[in-house]
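Everything on this sheet refers to the single structure shown next.
Values in this text are rule-based calculations from the coordinates and carry no lab data. Since the model is a prediction, treat every value here as computed from it, not as a measurement. Note that we place each Cβ from the backbone using ideal geometry, even for glycine, and neighbour counts take in every protein chain shown.
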Amino acid sequence: MPEVSLQLFFSYSHRDEALRDELANHLSTLTRQGVISNWHDRKILPGDEWDHQINDNLNTADIILLLVSSDFIASSYCWDVEVTTAIERHNTGKARVIPVILRRVDWSDTPFAKLQFLPKNAEPVTSWTNRDEAFTNVAQGIRVAAQQLKGERQQKLILARKEAAIAEYRQLVEEFAADGEISFVESEILKDLQERLGLTDEEARTVRDKVLEPYGKYKENLDRYKQIFTKLVDEQGYPLKEKDKAELKKLQQYLKLKDEDVVLIDNEAEVQKQEAEILQQQEEAERRQQESIGNNLPSEKGVDYTRLRDLLKAGKWQEADEQTLSVMLKASSRQNEGWFNTKSINNFPCTDLRTIDQLWVKYSNRRFGFSVQKKIYRSVGGKTDGEYYKEAWEKFSDRVGWRMKGNETVDHSDVAFNTLVSEGHFPKFGSRSRCFMKIRGQLIPPRFRGTVGFFSRVDTCEM
């Protein structure tokens with residue numbers, strides 16, 4: 001948009017009208033350039049209220065010229081109305097007042113004596129040898145003042161727009177921060193608004209930090225309250241005694257915390273207590289179940305698992321591992337063969353498989369057993385569908401301590417039979433076999449056929 005001209009108001013005595021007209025002529029260039037547009041009371045049209053017109057233009061002027069002479073100072077209207085209003089607007093920054101000395105007069109005690117006069121050195125226009133030089137000096141001074149005033153107005157406009165942009169940005173930040181934080185999506189929206197409003201990263205960050213500052217302090221206070229609350233619960237148990245609750249109420253009021261936030265902390269403690277009680281009940285039920293397993297050893301095939309239980313209970317892992325193979329062969333009616341085929345694995349009785357697995361899990365403190373091995377095998381990418389996954393099998397063998405030696409896994413004789421071996425190391429049934437088979441052209445270790453086959457059976461038996 002084009003710049004708006006500055007409004008210039010002539011305050012003068014009619015006896016100086018000729019000098020005013022001469023000055024107006026010297027300001028013609030500024031008028032044509034659109035720097036200023038001037039007004040004086042001779043522009044009042046017939047029928048207009050002159051006092052109203054003067055006041056309107058005086059109160060909207062950007063530059064007020066006081067054309068000083070003895071007649072100007074003697075004029076009651078100029079002195080009481082125009083000078084008073086002009087100085088008041090100058091002091092509030094609403095207008096720029098420039099005294100122009102037309103004729104020599106004592107102005108030392110006037111309200112405008114502190115202002116910068118024109119022409120230079122406050123030498124009256126009529127005292128100059130060449131009057132055109134005097135008015136040229138005045139016009140040049142007015143040009144400088146107008147440019148300076150425009151610059152100040154432009155700077156104020158820029159500042160006002162910046163303040164408006166920051167206020168708009170702050171309003172949305174406050175809306176988003178109502179819950180004490182700004183989410184990722186909200187940050188993206190704010191980033192877009194920042195770019196649209198033309199705010200720098202520093203300006204936007206300053207606004208966000210200022211808005212979030214109280215929330216950060218509130219969170220610190222809430223964390224402090226929670227620490228003290230937790231300490232009391234650890235020492236006294238939950239629910240707290242009435243005395244402790246009263247003390248915490250004092251702390252809440254001191255930290256100026258909301259009731260709903262304090263209630264959430266209390267509710268969290270109650271939930272934790274309930275969860276602890278449930279966990280304790282579950283552990284107790286599991287303990288009773290494990291005790292029951294030690295005494296009740298069910299079998300669909302009438303297999304006696306007492307010796308396996310006793311060996312595991314005594315920590316005799318090598319003998320227990322050998323006994324495991326023995327009872328499993330008996331449960332699948334493969335004692336004569338001494339090894340398992342696909343049919344025997346797929347039809348292995350679930351009741352017996354659960355009994356064997358539970359005994360290993362119980363007495364190894366959950367370190368050994370088919371169910372433990374199955375979880376490890378799956379964790380390295382293996383599948384319990386009976387297919388041979390070479391990479392998964394090798395990772396599994398490494399995890400459970402079945403180190404590879406050529407094409408064979410480590411024999412019993414290479415293992416220290418104690419609970420320091422890798423998790424999932426036992427049972428190692430089928431290790432006595434040295435026969436390899438091929439599946440789709442790949443040489444398959446004997447233990448794979450048994451182990452992974454039983455993993456599949458573990459799934460079927462829902463273990």
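Points 7 angstrom from Cα along the Cβ direction at Y215 and L279: gap in nanometres?
Those two pseudo-labels are separated by 3.2 nm.
In percent, what relative contact order does the chain have, based on Cα pairs under 8 Å that are 6 or more apart in sequence?
8
With charges set only on the Cβ (+1 for Lys and Arg, -1 for Asp and Glu), what does the dipole of segment 225-292 come to about its Cα centre, in debye to the nearest 20?
The calculation lands at about 460 debye.
Here are some pairs, K162/K191; K375/K428; K162/K256; which of them have Cα atoms lying more than 26 Å apart in this structure?
The pairs that break the limit, which is 26 Å between Cα atoms, are K162/K256.
Helix 50-60 versus the longest principal axis of the chain: what is the Cα-based angle in degrees, 0 to 90, to the nearest 10?
Helix 50-60 and the main axis of the chain meet at about 40 degrees.
Projecting each Cα onto the charge dipole of the chain (Lys/Arg +1, Asp/Glu -1 at the beta carbon, about the Cα centre), which of I356, G198, T92 comes out farthest on the positive side?
I356
Write out the GluC sites (Glu not before Pro) in segment 196-300 meeting two conditions: DSSP loop, and at most 13 other Cβ atoms within 10 Å of their Cβ.
When the GluC sites (Glu not before Pro) of segment 196-300 are filtered for loop state and at most 13 Cβ neighbours within 10 Å, E300 remain.
How about segment 291-365: which trypsin sites (Lys or Arg not before Pro) there lie in a loop by DSSP and see at most 13 other Cβ atoms within 10 Å?
Listed in order of number, the matching sites are K301.
K301: which aspartates and glutamates have alpha carbons under 15 Å from its alpha carbon, excluding same-chain residues fewer than 8 sequence positions away?
Cross-link targets: D352.
So if each residue of separation counts as 0.36 nm, and I subtract the Cα-Cα distance between V4 and N346, what length gain in nm does that give?
Value of the extension gain: 113.6 nm.
Which ³J(HN,Hα) values, rounded to whole Hz and listed in residue order, are derived for segment 61-67 from phi using the Karplus coefficients 6.51, -1.76 and 1.60 in 6.51 cos²θ - 1.76 cosθ + 1.60 with θ = phi - 60°, glycine and proline given as x?
With the stated coefficients, segment 61-67 comes to 5, 8, 10, 10, 8, 9, 7 Hz.
Counting other C-beta atoms within 10 Å, and keeping those with at most 16, which DSSP coil chymotrypsin sites (Phe, Trp or Tyr not before Pro) do you find in segment 128-186?
For chymotrypsin sites (Phe, Trp or Tyr not before Pro) across segment 128-186 that sit outside H, G, I, E and B with at most 16 neighbouring Cβ atoms in 10 Å, the list reads W128.
Report the one residue of F10, F184, S70 whose Cα lies farthest in the direction of the positive end of the charge dipole of the chain (charges on C-beta: Lys and Arg +1, Asp and Glu -1; origin at the Cα centre).
F184
Relative to the first principal axis of the alpha-carbon coordinates of the chain, what is the inclination of helix 131-176, with its axis defined by its Cα atoms, in degrees from 0 to 90 and to the nearest 10?
Roughly 20 degrees between the two axes.
Give the percent of DSSP beta bridges with both residues in the chain that are antiparallel, rounded to the nearest 5.
25
Taking the Cα atoms only, what angle lies between the long axis of helix 259-295 and the longest principal axis of the chain, rounded to 10 degrees?
Approximately 10 degrees, to the nearest 10.
Go ahead and estimate [θ] at 222 nm for the chain from helices alone: -39,500 (n - 2.57) per DSSP H run with n ≥ 4, summed, over the residue count, rounded to 500.
-19000 deg cm²/dmol
Please report, in debye to the nearest 20, how large the charge dipole of the chain is about its Cα centre when each Lys and Arg carries +1 at its beta carbon and each Asp and Glu carries -1 there.
3140
For segment 173-301, what does the alpha-carbon gyration tensor say about shape, rounded, prolate or oblate, given a ≥ b ≥ c as the root eigenvalues, a/c under 1.5 as rounded, and a/b over b/c as prolate?
Oblate shape, in that a/c is at least 1.5 and b/c is the bigger or equal ratio.
Can you tell me, using C-alpha contacts under 8 Å and at least 6 residues apart, the relative contact order of segment 6-158 as a whole percent?
After rounding, I find 24 percent.
What list do you get for T136, T85 if you sort them by fewest beta carbons within 10 Å?
Listing T136, T85 from fewest to most nearby Cβ atoms yields T136, T85.
Using 0.36 nm per residue, how much length does the chain from Q318 to Q154 gain when fully extended, once their Cα-Cα distance is taken away?
Full-extension gain reported as 49.8 nm.
For segment 6-158, what is the charge dipole size about the Cα centre, in debye to the nearest 20, if Lys and Arg each add +1 at the Cβ and Asp and Glu each add -1 at the Cβ?
Value, rounded to 20: 680 debye.
Put +1 on the Cβ of each Lys and Arg and -1 on the Cβ of each Asp and Glu in the chain; which of A331, Y377, I142 then has its Cα farthest toward the positive end of the dipole?
Farthest along the dipole direction, towards plus: A331.
Could you list L149, L65 in order of exposure, starting from the residue whose Cβ has the fewest other Cβ atoms within 10 Å?
L149, L65
Which aspartates and glutamates does K395 reach when only Cα atoms under 14 Å apart count, and residues fewer than 8 places away in its own chain are ignored?
Those aspartates and glutamates meeting the cut-off are E423.
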